[in-house]
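One structure below.
The values are calculated or read from the model by the stated rules, or taken from the named source; none is laboratory data. Note that this is a predicted model, so its numbers are computed, not measured. Here the Cβ is made from the backbone with ideal geometry for all residues, glycine too, and neighbour counts use every protein chain on show.
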Ligand SMILES: [Zn+2]
């Protein structure tokens with residue numbers, strides 16, 4: 001056990017004060033003292049230290065409410081920068097991001113089917129460019145990885161599309177850049193992004209982000225903390241078997257959620273439907289069944305094509321089953337869907353909501369919010385950068 005030393009107490013108190021200022025847009029020293037239970041001289045001393053480090057600034061006097069007007073403080077959002085990297089399932093993307101999740105500089109490098117060491121070299125090129133462009137001191141970098149990550153050892157276990165196996169990513173990046181490095185899988189950091197920088201709904205509720213694209217995964221934020229599953233594996237709902245004796249999945253099992261509700265599964269079903277029924281509208285927007293994409297299915301569905309609707313309905317039902325199981329474990333929570341299937345809009349959301357309603361305790365279901373994630377295509381790199389905030393500054 002760590003001993004409580006005056007030094008540790010000082011760091012703890014300093015972080016507490018910074019967090020208190022960060023969580024409010026502006027606050028006075030007196031109000032910090034009230035919120036933290038620290039004495040006013042202690043708060044003043046800590047604030048002086050934070051101002052010296054450039055993390056906090058005075059912004060003027062509060063409006064008068066009778067007595068002496070207190071000076072207000074706020075966090076200097078651009079005083080430190082974070083690097084967030086998305087090594088997701090397509091090209092490599094990264095950004096320099098400030099303490100509020102504003103993107104200052106963004107770099108995207110095409111993967112062009114690079115694998116193994118060539119893909120690793122591309123990741124270095126990306127991070128080199130970001131480190132070079134950062135204007136303020138860097139707190140470190142966060143990596144959103146496409147696959148399971150051992151967060152204890154900082155090892156990327158397996159990224160199928162990159163042909164990476166057991167890469168000690170954290171050690172390599174720390175050696176190369178001499179900066180703190182944090183990692184988690186991309187669905188997990190997406191949840192952290194919505195928790196940290198998203199502006200939706202009840203902040204107190206536990207939060208789940210379910211990413212439905214080529215694969216399916218989820219990230220869970222419990223009591224404000226990202227659930228990693230140590231050393232790995234929290235949120236891998238895409239590989240829960242939902243169809244007895246179903247199709248074989250990329251993981252080797254049969255009938256995983258991914259085989260019936262991922263974009264891959266939806267496209268495959270639509271292609272089969274288009275082949276079976278040459279008059280289907282699915283054939284009107286694609287040169288051949290092989291060229292049917294999610295956009296084609298979406299268009300056909302909006303035009304009232306029954307087979308397209310049915311395919312999306314089926315996928316939505318399975319996603320609803322998965323969401324209902326999460327509600328059963330977590331209780332009422334916020335479940336946000338992200339990824340390419342969000343193109344199916346309100347229709348898909350309604351199917352999922354109905355299924356969750358049917359399969360959960362009514363009281364709990366009523367208090368559960370189900371909607372789409374709001375952060376868009378930058379969600380993974382924003383969440384990766386947010387991995388730094390708790391450990392490096394004590395925020396969140
Ligand atoms: Zn599977």
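Summary of values
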| quantity | calculated |
| --- | --- |
| Odd one out for residue 355 among (1) modelled with pLDDT of 95 or more; (2) touching a strand residue (DSSP E or B) at 6+ places or on another chain (Cβ under 9 Å) | (2) |
| Residue that is in the same structural domain as residue 387 (by TED's automatic domain parsing), within 25 Å of residue 211 (Cβ to Cβ), part of a helix (DSSP H, G or I) and in contact with a helix residue (DSSP H, G or I) (Cβ under 7 Å, 6 or more places away or on another chain), where the choices are 119, 123 | 119 |
| Given (1) on the phi > 0 side of the Ramachandran plot; (2) in contact (Cβ under 8 Å) with a residue 60 or more places away in the chain, index of the condition residue 139 fails | (1) |
| Considering residues of the range 246-266 that are out of contact with any strand residue (DSSP E or B) (no Cβ under 8 Å at 6 or more places or on another chain) and surrounded by fewer than 19 Cβ atoms within 10 Å (Cβ to Cβ) only, the residue modelled with the highest pLDDT | 264 |
| Segments classed as helices (runs of 4 or more DSSP H), wholly inside the range 318-392, with at least 2 members that are within 26 Å of residue 302 (Cβ to Cβ) | 345-359 |
| Residue in the range 229-243 that is farthest from the ligand (Cβ to nearest atom), counting only those that are within 23 Å of the chain's Cα centre (by Cα) and within 15 Å of residue 322 (Cα to Cα) | 234 |
| Single condition residue 265 does not satisfy, out of (1) within 16 Å of the ligand (Cβ to nearest atom); (2) in contact with a helix residue (DSSP H, G or I) (Cβ under 7 Å, 6 or more places away or on another chain); (3) more than 30 Å from residue 368 (Cα to Cα) | (3) |
| Qualifying residues in the range 244-258 (those that are in contact with a helix residue (DSSP H, G or I) (Cβ under 6 Å, 6 or more places away or on another chain) and more than 7 Å from the ligand (Cβ to nearest atom)) - the one farthest from residue 157 (Cα to Cα) | 246 |
| Matching entry among 82, 99 (being in a loop (DSSP other than H, G, I, E, B), crowded, with 20+ Cβ neighbours inside 10 Å, at negative phi and modelled with pLDDT of 95 or more) | 99 |
